[in-house]
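I have a structure here, written as structure tokens, and I will follow up with some questions on it.
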Amino acid sequence: MSINAPRGTQDILPGASEKWQYVEKKLVDLCRRYHYKEIRTPIFEHTELFQRGVGDSTDIVQKEMYTFEDRGGRSVTLRPEGTASVVRSFVQNKVHGSPNQPTKYFYIGPMFRYERPQQGRQRQFVQFGIEALGSDDPAIDAEVLALALDSYREMGLSSLRLVLNSLGDLESREAHRNALIRHFDPHRDELCADCQVRLDQNPLRVLDCKKDRDHPAMATAPSILDYLNTYSKEYFDKVKEYLDVMGIEYEIDPNLVRGLDYYNHTAFEIMSDAEGFGAITTLSGGGRYTGLVEEVGGPATSGIGFAMSLERLLMALEAEGVELPIDEELDCYLVALGEEAEKVSVRVAYQLRKAGIQVDKDYLGKKMKAQFKTADRLGAKFVLILGDREVEENVINVKDMVSGEQKEIPLDDIENHMKKQLLGGE
Ligand code: HAM
């Protein structure tokens, strides 16, 4: 009986993995320019971190976590997102004590959520995310938004939409929360079971419900923007002003509610408008969080960040028909026939690889003609041929597969010759 990979996971094979490497490299370079440094945290954490960090009432904690007891009887969870772990690490390593604030991190790694798999929604997916901790300057909100957009634009994507909202500070949220309860309470029985619970625990999340989306009370629900106090309103205005000075376009959606509990002030999502992108149009999301560092035992420190999955980024690239500049060719393929030639070819392959040249050879004892066929299939730029005669005369034949030209080179010169051909010169 064959065993398949679990539902909602995927193998990334050569042909695709080069695309992953390409986008990861571009993202790392983008972070370098914005001066965000990489952090790597464990893939599993104590379950309590996510219960407290992400929030007990969220779908992630209630329905989607891969939680299990380890052999020591502790409850651990495969991380469903990166923010809680980054904040835990920030507190545990006392990074808040460093004079270099804000602390600016990025991460790339697998996350796990037990969701119903569909295109763009998997149970294991790779998130790229950033977190800036230790500043509540609205300019850093704008910086995070700019980096988020750049991470798509620099790949060549253009059908993008930045959707922005402010969830206000605690006082504003409290006022809005009470208004939401007053508004939805008369309709309580008409809402789905989940929303009836949400109405008591976190009424903001009612606005995010897929089932009750078309209920008439949704359209008339009180908008957070009408409940922002002066500080929150001014904060939001500043973020918008900084986006304006960078020439970044955005649209305001007062109903934008994120699926995690920790947000206040700035909340945003980037959507793809590309045709054929699929049912899920959200590419990434993020926002500001204030209570999270305290929640995991640190001093009052606020942060802002965002995350995207590389799966959705690659989907968007496909939907927009962006061709990534990926070189799938092979520099050299060594063709050898005869025992002595085989020995020399092993030595030459080793020598060229050490010199920085990409080399492959036959390992199946194929005939000369079949070896040439393989070189062709692999897209080799040069085929290096060694037979008994070449070994005897201490030479090697170099065939340029593009021009068809063939040259005999002294074996001692092969490294220099190939370097000139492939790594510049001539
Ligand atoms: P999130 O909205 O839960 O936020 O996820 C962010 C992004 O991760 C989504 O927009 C999507 O690209 C991707 N994603 C989420 N679930 C899946 C899935 N099942 N399959 C594929 N992709 C998925 C967070 O995770 C926050 N930690 C973001 C953040 C960082 N906020 C502040 N800092």
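Hey, any hits in region 114-130 for a residue that's of a type in the set (Val, Ile, Thr), open to solvent by 10 Å² or more (accessible area, probe 1.4 Å), in a helix (DSSP H, G or I) and at pLDDT 95 or above?
no
Regarding residue 47, is this residue over 27 Å from residue 142 (Cβ atoms), open to solvent by less than 100 Å² (accessible area, probe 1.4 Å) and modelled with pLDDT of 95 or more?
yes
While we're here: Only one residue in 146, 142 is within 30 Å of residue 227 (Cβ to Cβ), surrounded by fewer than 22 Cβ atoms within 10 Å (Cβ to Cβ) and aliphatic (A, V, I, L, M). Which one?
Of the residues listed, the single one that is within 30 Å of residue 227 (Cβ to Cβ), surrounded by fewer than 22 Cβ atoms within 10 Å (Cβ to Cβ) and aliphatic (A, V, I, L, M) is 146.
Could you list, in sequence order, all residues of region 43-56 that are over 18 Å from residue 293 (Cα atoms) and out of contact with any Asp or Glu (no Cβ under 9 Å at 6 or more places or on another chain)?
Of everything in region 43-56, just one residue is over 18 Å from residue 293 (Cα atoms) and out of contact with any Asp or Glu (no Cβ under 9 Å at 6 or more places or on another chain), namely 43.
Still on this structure, I have one more. For residue 7, state whether it is basic (Lys, Arg), in contact (Cβ under 8 Å) with a residue 60 or more places away in the chain, surrounded by fewer than 15 Cβ atoms within 10 Å (Cβ to Cβ) and not assigned by TED's automatic domain parsing to the domain that holds residue 108.
Against the criterion (basic (Lys, Arg), in contact (Cβ under 8 Å) with a residue 60 or more places away in the chain, surrounded by fewer than 15 Cβ atoms within 10 Å (Cβ to Cβ) and not assigned by TED's automatic domain parsing to the domain that holds residue 108), residue 7 qualifies.
Looking at residue 103, is it open to solvent by 40 Å² or more (accessible area, probe 1.4 Å) and in contact with a helix residue (DSSP H, G or I) (Cβ under 7 Å, 6 or more places away or on another chain)?
For residue 103, the condition - open to solvent by 40 Å² or more (accessible area, probe 1.4 Å) and in contact with a helix residue (DSSP H, G or I) (Cβ under 7 Å, 6 or more places away or on another chain) - is not met.
Only residues that are closer than 23 Å to residue 288 by Cβ and more than 10 Å from the ligand (Cβ to nearest atom): list them for region 106-132, please.
Selection gives 106, 108, 109.
Given 161, 153, which one is more than 10 Å from the ligand (Cβ to nearest atom), closer than 19 Å to residue 259 by Cβ and charged (D, E, K, R)?
161
Kindly evaluate residue 252 against the criterion of being open to solvent by 50 Å² or more (accessible area, probe 1.4 Å) and either closer than 20 Å to residue 307 by Cβ or hydrophobic (A, V, I, L, M, F, W, C) (or both).
Considered against the rule, which asks whether it is open to solvent by 50 Å² or more (accessible area, probe 1.4 Å) and either closer than 20 Å to residue 307 by Cβ or hydrophobic (A, V, I, L, M, F, W, C) (or both), residue 252 comes out as yes.
For residue 63, all conditions in the list (1) modelled with pLDDT of 95 or more; (2) open to solvent by 30 Å² or more (accessible area, probe 1.4 Å) hold save one; what is the number of the exception?
(1)
Name the single residue that is surrounded by the fewest Cβ atoms within 10 Å (Cβ to Cβ) among those in region 152-174 being over 17 Å from residue 252 (Cα atoms) and among the polar types (S, T, N, Q).
My answer is 158.
Given the conditions (1) open to solvent by less than 50 Å² (accessible area, probe 1.4 Å); (2) in contact with a Gly (Cβ under 9 Å, 6 or more places away or on another chain), which single one is not true for residue 295?
(1)
Return the residues of region 175-196 that are within 25 Å of residue 231 (Cα to Cα) and surrounded by fewer than 13 Cβ atoms within 10 Å (Cβ to Cβ); say none if nothing qualifies.
182
The values are calculated or read from the model by the stated rules, or taken from the named source; none is laboratory data. Everything quoted here is computed from the prediction, not taken from an experiment. No Cβ is skipped: glycine too gets one built from the backbone with ideal geometry, and neighbour counts run over all protein chains shown. Note: accessible area is taken over every heavy atom of the protein model, side chains too, but ligands, DNA and RNA are not part of it. Shrake-Rupley method; radii C 1.70, N 1.55, O 1.52, S 1.80 Å.
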